[in-house]
Every structure is written in structure tokens, then in C-alpha cells.
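Beneath this line is the structure, given in C-alpha cells, with notes to follow.
The values are calculated or read from the model by the stated rules, or taken from the named source; none is laboratory data. If you're wondering where the values come from, they're calculated on a predicted model, not measured in any experiment. Here the Cβ is made from the backbone with ideal geometry for all residues, glycine too, and neighbour counts use every protein chain on show. For accessibility, only protein heavy atoms count, side chains too; no ligands or nucleic acids. Shrake-Rupley method; radii C 1.70, N 1.55, O 1.52, S 1.80 Å.
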Amino acid sequence: MKTKKIDEIIALSKELRWQIGDELHDNLAEGIYADASKIVEGAVTKGNNKSKFRIDAKIDKIVTSRIWGFPIMLFILGVVLWLTIIGANYPSSMLAEILLDTFHPVLKNLGANMGLPWWLNGFLFDGVYLAVAWVIAVMLPPMAIFFPLFTLLEDFGYLPRVAFNMDTLFKKSGAHGKQALTMSMGFGCNAAGVVATRIIDSPRERLIAIITNNFSLCNGRWPTQILLATIFIGAVVPQTYSSIASLSAVIGIAVLGIFFMFFFSWALTKTVLKGEVSTFNLELPPYRPPVFWKTVYTSLIDRTLIVLWRAIVFAAPAGAVIWLISNLYIGNESIAAWTVHSLDGFGFLLGLNGVVLLAYIVAIPANEIVIPTILMLTVMVTGIPGGEGVGVMFELDSITATADILKAGGWTLLTAVNVMLFSLLHNPCSTTIYTIYKETNSVKWTVVASILPVIAGFIITFLVAQVWRIFM
Amino acid sequence: MEKNTKTACEACAHFNPEGLKKLGIKTDKIDFVIALAGNPNTGKSTVFNALTGLRQHTGNWPGKTVRRAEGAYEYNQQKYKMVDLPGTYSLLSTSEDEEVARNFILFGKPTVTVIVVDASRLERNLNLVLQILEITNKAVLCLNLMDEAERNEIKIDTRILAKDLGIPVVPTSARSQKGIPELIKTISELANNKIQCKPHKIKNIPKNIEKAVQEISTALKKEFPTITNSRWIAIRMLEGDTQIIEALKTGEIVA
């Protein structure tokens, strides 16, 4: 009975819809706007002061200008990175001293005194503890600087201007202009960037934004870039210019990532994700002076600690795995050594080596632990003295010591350049992969998003290695 | 970090600050559900944080909140669950964030809907306000970013505005906590039926459409006497909103 009545009402609405035609939406919108303007007329009085608006317009004219827009963007990125690199050094080495040099031996002694068997002691303190401590020492300081700076820019209202500047480029690549916003989020964390793509209405453009988000160099990869650039790129120029050279190299990699993001967006729209570019309104909000301390505080709590916690959660089991594969033997060789040797040939083709490839497999859960894994595996394979023992993940205090180990492991400038490239172009971390799956609900697109960057990485490093070997 | 200088209202006996407890994410055993809606970039998340004591990420760009955030607070022994909806300009189109907001206001049946608007851009913001007032009977207008409006020498007569919209209007500057106590008090009065709303209904609609809306609306009211937003449902049916039609069939819309 009831359903019958409802069906009748539905039928009635269908009939009436025919009578009204498609003007309903427009008429309704017009009605609403007419009401709104009448209400405002009665309740709002405006002063003659337009100066604030003028200041905003003036700033916008400069930061979104055709000539200055992009240089200003690069300049701001440069300043943020420079502050991060320079500022993070001191707290990083301080944390390393406390957590690695002071606490680690204490814990190991404690374990021994408590009568823990050597394997459990090693597993817990050389594996799990060191991995966690290293992630804190290396990640916390740059994040505690990078995230607040980024948040301040965000609060000020700069991000929509970035989107505005890049809109034409996105349009040309067939993607959505709001992808600029999700891309910027990706520079902090790719998983966050993937979630942020919800602001894109069209499913096609949203997929493109999700798949290409990994080309934004995320927070876990900045330290790798900075370290390698400092050791290898900074060393090829005179000392006075070395920090400028390494900074430019890092910015270069980030910009290259943006280039790949555009390239793959374009390639996807030309192949599997064909379609029209949808239009959208982007409001350029007024500039607002950020509430400085509050912003710094909340970004520390919200972003820094959450990302750090995630890194720790993943670093702990990864540290355990590293320790295990270095201490479990098949015949005469540890699992780690055996894998490194069998990957060496393929690694050579890519201008990398087996150690790097294995490190990237072990570090799928968190990009942050790539460098310590590489160092540990290098020491183990080459048998050079240094570090703390078999399967102990560590970070050397001085950059020169790190450089010595890597060079003893056969690293050249080519290896460093290619590791930097591969760090940009490889699979997303497991959290991001899981997030992609949750957002797309599709195994197929998750696989595409995970595999595509690795293939790009293989191709690029292979080409660079071949060209390099011919000409250098 | 934040100076907790007491505003006149906080110090006033009627507000009863001791009765306020920020509960963060503890959203169990709640008495009322409060939805937080508004245009993008009007400071919804800042209002949300001020009420719940949470630190939902805030940022100056439109579209920052993409998923529903939930938090809670307790005021005068009653527990309020806050739901921070994605910012939208309208409830008439189909993107995912707009659907989240629209469905929650319609199907989530919040006790009170707090509509956050940018005081210096009131006219544009009213578009969404008037649409929400078609859906719900209990709403409060949170006239946010008053500090910015004052700097731009925009003056708003909140009493006239409240009268025209038929809902209470509370001016706030959520970033500096101004007006939040008044907002909490107003929400509580609405939730406990101490204030009655007479929400503004869209007037300037062409006659033929108005007639069609009336016709469906009357039929709906006859069928479901308890329904409060028959006009909005009628409008959506005329737009051919399949979700609404589906919800009518399942009875979800009146449940």
C-alpha cells in the first residue's frame, strides 16, 4: 500500500519534471541568489576601505604573474629546503649521539646482564631498537622544520596560488588543476596526498592524481637525497660552492619529479585514461597572517608526530628483518649476502648494485630506512671494518665516514646519481600503496600506481648508466 | 601558547564555563549530534577544533577537509558530537565532497546544524545557507572571520540577519576563540528547544516551479506526516536525484 503511494509520488515528480524542463536548476539558483542579495542589502554595510583588497591583489599580481610566478615558487621551495637542511643538522647529530652512541651500548649491556641469549639481545637492540632510534634521529629534526614551514605557507594562503600558476601545465597534460594541491601535499607525505585527491570531482582525473602522486618527493626521501647530494655532488665542486651544489641537486631531483608527474599524467590521458579536462572554480582566498606559534605547535603535533610514529611502527619490524637476513645462513652465506650477490648483475646494468636493490626491497614499509640499510649491507658484503657488527643497522656520525664506507662498497658519482634518481622513481611505500587501494577500491589501479614508477626508475637509471659509461 | 583571557561572556554566570568539557574523540554515549557545514575556507575546522579541543588540521585553501571528522564536547552534563563536513559551495551538484555533506545533513539527521560563513563574503556564502535552511529546521549561523570583516570595514547587523534568516546568528573569530562560548550556548539552547527557528524558505522561484514543488510537497506530507523538509525533497525529486528517490523507496528519508 505504502510503496504504491510512494511510486505515485515518484511518478508525479517525473511528470512535473517534464513540464518544467531543464530550467529548474538555473531558476532555483537565480532564486537563491536573489534572496541572498536582498538579505545582505538589509543587514550588511560596507566601508569605503578597499586597501586590504588592494594589497591582496598586488601580492597576487606578483606571485601569480607569468614572469615571476615560477621563479618565486622555486625560490620559496629553495628557502624551505635550505632551512630544513641547515637547521636539521645540529639536532640530528645531537639525537644520534644520545640515542645511538649513548643509549645503545647501555641497552646492549643491560640485555647481556639480564642474561638474554645473544640472538635475542641482537635482535632486539641491534635490530629493532637501532632502526627506531635511527629513524627518530634522522627524521624528526627535518620534519620538525619542514612541516611547520609548509603549514605556515598553507595558512598564509600560498597553496591555491601554486595551483593557479600550474593550472595551464596541468590542463596541457590533461589533468585537473587541483592536482597541484594534492601534489604539494605529496611533498610532505604521499599517503596524505592520495587522500587529498578527494577534492577532485572527476574519477578519471582523480585516478591520474593518485597514480602520479608518488612523483612528489616525500618526506621519507628528502633525507636520502640530501645526504647523497652532500657526499657526492657537493664533493665535485670547490668547497665554497658545495652546499649550493648539493642544494641545487636536491631541488633538481624534486623538479624532475614534477616533470615526471606531468609526463605520466599526459601519457595516461593519451592512453588508458582518455577524456576531457573538467573545468573548476578555484577560489584564491585572502592572505591571512598565520597565527605563528599555534600553527607551529599544531603542525608539530598533527603532522610531525603522526608521520614519525608511522615511521617507527614500520622501522621496527624492518630493523628486525634486516638483522634476521644478515644472521640467518644458508650454507656459507647469509640470506642477505646471497641476495645481494644475485642482484649485483642486474644492479650493475642500472648503475646501482645489489645492496641498493635489496635495501629498497627491505625498505618498502618506509623509505626512511633506505640509507642505514644500504650502509649496513655494504659493510657486511665488503667486509670492511666499521659499524657495529653483522646486521647492525647504523648511521655514521660524520658524513666523511659514511662516504668512506660507500666508496669502499664501490660507489661512484654514477651510483650516487642513480640512487638519487631511483629514490625518486620507485614504488610507493606500503602505507601509500594501502591508501591507494582504499581510495580506488581497485587492485588493478593499485598495481599500476605501484609498478609504474619502478619501471620508470629502471628505464631512467639504465639509460643514465649506459650514457655515463660511454662518455665518462 | 594561547592566552586564556576570559571574554565577558565566558566570565558571565549564564554561560557556565565549568559546565564545558572538551572530549576530543570520545564520541560515545552522546545526547546530540551537531553538523558543521559551510563554504570551503571559512574556518569550519578551526571552529571544530575550538569546540572539541581536537587539532584537526587547518589550512588556508579551499577543500582541505575531504572526509568527515568527528569530535565531541560536554556542556552542562549533555554530550555533543560534532561532525565537521567537507566545505561546499552548494548542495546541488555531484562531487564526492558535496555528497558527503548533503547526505549527512539529510540522512544523518543532526540535532543542530552549525553553518559557518565568512563574514566578509556573506552574500556568496548565503547560497549554501539558504539551501541548508530548506533541509533542516534547527540551524545556527556562525558568522566567522569577524576580525577580518572588521578590518575590511564591513559591518553586519546580526539582529536583522537573524530575523531575515529565521535562525540565531553568532558572530565569531574562531582563530582567537572569540564568540565560541556564545556559540556553544546557542547550540545548547537549540538542542534543548529553548529557541525556535523559523528558517527562511527560498522565495524568488518562478511560479510554475513553485507550483510543482508545492504539489509534490503536499503529496509527501500527506504520506509522511512527520516529514519536515518536504520542499527540499520535492526540489531534489524534480531534479531527478536518484539517491533521494531510492531513499524514499526504502523509507530512509523519514526514519
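If you check B:R68, B:R55 for being modelled with pLDDT under 85, more than 10 Å from chain A (Cβ to nearest Cβ) and farther than 23 Å from B:T250 by Cα, only one passes: B:R68.
For segment A:73-96, does any single residue satisfy the condition of being among the hydrophobic types (A, V, I, L, M, F, W, C), without any contact (Cβ under 8 Å) to a residue 40 or more places away in the chain and surrounded by 13 or more Cβ atoms within 10 Å (Cβ to Cβ)? Looking through segment A:73-96, none of the residues is among the hydrophobic types (A, V, I, L, M, F, W, C), without any contact (Cβ under 8 Å) to a residue 40 or more places away in the chain and surrounded by 13 or more Cβ atoms within 10 Å (Cβ to Cβ). Restricting the search to helices (runs of 4 or more DSSP H) fully inside segment A:1-119 and requiring at least 2 residues that are of a type in the set (S, T, N, Q) and within 14 Å of another protein chain (Cβ to nearest Cβ) gives A:2-20, A:23-43. The residues of segment B:187-199 that are open to solvent by 20 Å² or more (accessible area, probe 1.4 Å) and part of a helix (DSSP H, G or I) amount to a single one, B:E189.
The residues of segment A:289-298 that are in a helix (DSSP H, G or I), at pLDDT 75 or above and at the interface with chain B (Cβ under 10 Å from one of its Cβ atoms), listed by number, are A:W293, A:K294, A:T295, A:V296, A:Y297. Looking at B:L145, B:L133, just one residue is on the phi > 0 side of the Ramachandran plot and hydrophobic (A, V, I, L, M, F, W, C), and that residue is B:L145. Scanning segment B:209-255 for residues that are open to solvent by less than 40 Å² (accessible area, probe 1.4 Å), in contact (Cβ under 8 Å) with a residue 40 or more places away in the chain and facing chain A (nearest Cβ under 9 Å) gives a single hit, B:I235.
Yes or no, residue by residue, for (1) out of contact with any Ser or Thr (no Cβ under 8 Å at 6 or more places or on another chain); (2) modelled with pLDDT of 90 or more; (3) open to solvent by 10 Å² or more (accessible area, probe 1.4 Å); (4) part of a strand (DSSP E or B):
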site	(1), (2), (3), (4)
B:G63	yes, no, yes, no
B:V83	yes, no, no, yes
B:S93	yes, no, yes, no
B:V114	yes, yes, no, yes
B:L128	no, yes, no, no
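Checked against the criterion of being of a type in the set (G, A, S) and crowded, with 17+ Cβ neighbours inside 10 Å, the candidates A:A34, A:A11, A:A43, A:A29 yield just one match: A:A43. Of the residues A:L256, A:L268, the single one that is at pLDDT 90 or above and either part of a loop (DSSP other than H, G, I, E, B) or buried (at least 19 other Cβ atoms within 10 Å of the Cβ) (or both) is A:L268.
Residue-level check: of (1) open to solvent by 50 Å² or more (accessible area, probe 1.4 Å); (2) over 30 Å from the mean Cα position of the chain (by Cα), A:G122 misses just (1).
A single entry from A:P365, A:P385 fulfils the requirement of being at pLDDT 70 or above, over 25 Å from A:W468 (Cβ atoms) and surrounded by fewer than 23 Cβ atoms within 10 Å (Cβ to Cβ): A:P365. Without any contact (Cβ under 8 Å) to a residue 24 or more places away in the chain, open to solvent by 60 Å² or more (accessible area, probe 1.4 Å) and assigned to a helix (DSSP H, G or I) - does that describe any residue in segment A:147-154? Taking every residue of segment A:147-154 in turn, none turns out to be without any contact (Cβ under 8 Å) to a residue 24 or more places away in the chain, open to solvent by 60 Å² or more (accessible area, probe 1.4 Å) and assigned to a helix (DSSP H, G or I). Test A:D201 against the criterion of being out of contact with any Pro (no Cβ under 8 Å at 6 or more places or on another chain), open to solvent by 40 Å² or more (accessible area, probe 1.4 Å) and within 30 Å of A:K274 (Cβ to Cβ), and give yes or no. When the stated conditions are applied, A:D201 passes them. Taken over segment A:164-194, the criterion of being assigned to a helix (DSSP H, G or I), open to solvent by 20 Å² or more (accessible area, probe 1.4 Å) and either farther than 28 Å from A:M143 by Cβ or out of contact with any Ser or Thr (no Cβ under 6 Å at 6 or more places or on another chain) (or both) is satisfied by A:D167, A:T168, A:L169, A:K171, A:K172, A:M185, A:A192. When B:I187, B:I132 are screened for being touching a strand residue (DSSP E or B) at 6+ places or on another chain (Cβ under 7 Å), within 13 Å of another protein chain (Cβ to nearest Cβ) and β-branched (V, I, T), only B:I132 passes.
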